[in-house]
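Student: Dumping the structure here so I can ask a few things about it.
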Amino acid sequence: MNSNNHDGTHHHHLQPHTDNTSSRSQPQQQRRPRGFAAAAMGVSTVTTTINNNPRGSRNEREKEKERTKLRERHRRAITSRMLAGLRQYGNFPLPARADMNDVLAALAREAGWIVEPDGTTFRQSPPTSKLVRSFFFFFFQIMSVESPLSSSSLKSFPVKASLDFPPSVLRIDESPSPASLDSVVVPGRGSTECEKYGASPINSQDCLETDQLMQEGHMVEQVFNFLGTAYIPVYVMLGTGLINKFCQLIDRDAVRKELRLLKSLHVDGVFVDCWWGIVESQGPQKYNWSGYRELFNIVHEFELKLQVGLAFHEYEGNDSGGISIPLPQWVLEIGKENKDIFFTDHEGRRNTECLSWGVDKERVLKGRTGAEVYFDVMRSFRTEFDDMFVEGLITAVEIGLGASGELKYPSFSERMGWRYPGIGEFQCYDKYLQQNLRKTSSLRGHTFWARGPENAGNYNSRPQETGFFCEQGDYDSYYGRFFLQWYARSLIDHANTVLSLASLAFEELQMVVKIPAVNWWYKSRSHAAELTAGYYNPANRDGYSALFEVLKKYSVAVKFVCSELQISSDASDESLADPEGLTWQVLNSAWEQGLSVSGQNAFLCYDKEVFMRLVETAKPSNDPDHHHFTSFTFQPPLPLVERTICFSELNHFIGCMHGENAGTEM
């Protein structure tokens, strides 16, 4: 209104005699813009209003920026779900940051076409199978979620109908000439609308269940064939109870018996954990490696290779006679006086599994920082076993960076009462991490954000039971995004600090960092369990690429724990777990960064089918770039010599890893 009055006054004072001329020269009224043009006009109108009203211009600009961010996050969330569906149900090896070009290339390759790096595409095989056509159909139906054009021109209709391919329902242009997206899939008349959930027809009761698509995908190839595939070295993990608390080798004959058996199975080497609680138990900087020296010499006798894990956490397990290896006693004594050296939950309970990352740069350990303590252990180890490094006996060193030796917060610790599939709790309430949080929020200009979430539930809560992790929860608010970014950045900073020192100790030797497989609640929007573990990886964000950039800086290999094969379908439904989706995200994100990836089984397994799926994960047959693990650490039942039932399966598994066995029918 004000704008029109202003314009009228302007013309009246400047050229009152040209009104008729102006009206005659005025162009005909155009159609009202729609779609993106309307959105652009809306932005233009907002900009004009801002320019005419300088007082509120700043607030309006900030609001428009936030609206733009929300639209972009929504768009990315849709794309993420599309890509996750193709990875999970189509086994497409899409990179972590895939775009539509990657999707189309993967679909074309699956259909038998050749796609060159520059995008040139041509066909060199027979026409596509029904399964591949159904995936094309599934993909373009989901495309209607994001594209207004697709949603108006391609009507949603039951996927069941697509499997029979009636000519009136679906037409696919198989000519090698280029075609637009609109010309590839054309729905026929009479198709019914599916119920809307994110505009995706896959959720309709009339549509084919995604499990059925996945089952049909597995029916295409029912035989795993690994003969002639890449050679992946296999290392078997030795038991924790071989070395006592005085760093003495307990039973030399039992060690030789086990190594003799492993040698007969043609394993490449063994993996041994060296425990901080044993090595430095006598006092600060008083190191004792005698038991490990004797063990390594016996391994050398059998001409096996060694991978060593430096374990800076405590151990409590029942697989080695119920032994317990706490942190060094002198560290625990400090902890009695200063409990804030340990991770702390919202209720103030301390977790003594490992030191808080808040002490990495605090001189609270007899005049040393946490990072300096770790470095002194690594330097002592490197000096003690220098001869074995020179001979090439030790091929890799795994750096323990958190609870269970994995890079994670101890957010789902059973000693604190956690039970699967609880979301866990944030572990940032010791005074050192709280000081860092206050400093970060102050620099951001929001000192009132210097706190942990008040509505994040407890260890065994479900996401929908909390105000923070539920749909439209606070995790995606201004404060929630700030807190989660800080929480994840603390994890990345810890890795950066320790690895920068480890690179000085081990120089050109391969270093390894273990990444946890927190796959429960992966199908929810918030990915609550990953958030409390320190991985800011909700449905609309990649929570691993920033960490992998740090690992790449130090040429560190990623060890991924393959735990997906032990989750039943019922448990998966209850916990919204997606082990395969998480596995593909982590592996592709690491490979995209050019990192080496190794694997480890999380649970003891005897089943041949489980073994074969581990091999398929280690060397995916449908990866066009032929990525594969650089090694695999097998955690066997302990003691191994007493469990003869799995020897034939284990021997076959090792042969498949080496590319010497064809595989087995599933």
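The values are calculated or read from the model by the stated rules, or taken from the named source; none is laboratory data. No experiment lies behind these values; they were computed from the predicted model shown. With ideal geometry, Cβ positions are generated from the backbone for all residues, glycine too; neighbour counts draw on all protein chains shown.
Student: E384 - would you say it is at pLDDT 95 or above, in the same structural domain as T497 (by TED's automatic domain parsing), farther than 19 Å from N496 by Cβ and among the acidic types (D, E)?
Tutor: Yes.
Student: I'd like the full set of residues that are more than 21 Å from R451 (Cβ to Cβ) and acidic (D, E), limited to the range 330-361.
Tutor: Answer for the range 330-361, where residues must be more than 21 Å from R451 (Cβ to Cβ) and acidic (D, E): E333, E337, E353, D360.
Student: Out of the range 59-90, which residues are under 17 Å from D542 (Cα atoms) and among the acidic types (D, E)?
Tutor: E72
Student: Separate question: Tell me, please, whether a residue that is assigned by TED's automatic domain parsing to the domain that holds F632, over 32 Å from the mean Cα position of the chain (by Cα) and part of a loop (DSSP other than H, G, I, E, B) can be found in the range 255-264.
Tutor: no
Student: Answer with yes or no whether L551 is under 21 Å from F412 (Cβ atoms) and at pLDDT 95 or above.
Tutor: no
Student: Can you name the residue in the range 277-291 that is assigned to a loop (DSSP other than H, G, I, E, B) and touching a residue at least 24 places away in the same chain (Cβ under 8 Å) and, of all such residues, is nearest to T630 (Cα to Cα)?
Tutor: Step by step, filter the range 277-291, then rank; the result is W289.
Student: Being surrounded by fewer than 19 Cβ atoms within 10 Å (Cβ to Cβ) and touching a residue at least 40 places away in the same chain (Cβ under 8 Å) is true for just one of E454, E471, E465. Which residue is that?
Tutor: It is E471.
Student: Being within 25 Å of L595 (Cβ to Cβ), modelled with pLDDT of 50 or more and either of a type in the set (S, T, Y) or buried (at least 16 other Cβ atoms within 10 Å of the Cβ) (or both) narrows it down to one of P117, P93, so name that one.
Tutor: Just one listed residue meets the conditions, P93.
Student: To continue, here is another question. Tell me which residues, restricted to the range 336-345, are within 28 Å of the chain's Cα centre (by Cα) and either acidic (D, E) or surrounded by fewer than 16 Cβ atoms within 10 Å (Cβ to Cβ) (or both).
Tutor: D345
Student: So which of E294, E333 ends up being free of Cβ contacts under 8 Å to residues at least 40 places away in the same chain and either surrounded by 15 or more Cβ atoms within 10 Å (Cβ to Cβ) or not in a loop (DSSP other than H, G, I, E, B) (or both)?
Tutor: That would be E333, the only listed residue that is free of Cβ contacts under 8 Å to residues at least 40 places away in the same chain and either surrounded by 15 or more Cβ atoms within 10 Å (Cβ to Cβ) or not in a loop (DSSP other than H, G, I, E, B) (or both).
Student: Name the one entry in V377, V373 that is of a type in the set (A, V, I, L, M), within 17 Å of L310 (Cα to Cα) and touching a Leu at 6+ places or on another chain (Cβ under 6 Å). Don't jump to the end; show me each part of the working.
Tutor: Numbers: V377 fails: touching a Leu at 6+ places or on another chain (Cβ under 6 Å).
Selected residue: V373, the only one of V377, V373 that is of a type in the set (A, V, I, L, M), within 17 Å of L310 (Cα to Cα) and touching a Leu at 6+ places or on another chain (Cβ under 6 Å).
Student: Would you please name the residue that is surrounded by the fewest Cβ atoms within 10 Å (Cβ to Cβ), looking only at residues in the range 500-529 that are assigned to a helix (DSSP H, G or I) and touching a Pro at 6+ places or on another chain (Cβ under 8 Å)?
Tutor: That would be A529.
Student: Given the criterion in contact with a Phe, Trp or Tyr (Cβ under 7 Å, 6 or more places away or on another chain) and over 23 Å from Y292 (Cα atoms), identify the matching residue among D360, D345.
Tutor: Working: D360 fails: in contact with a Phe, Trp or Tyr (Cβ under 7 Å, 6 or more places away or on another chain).
Answer to the selection: D345.
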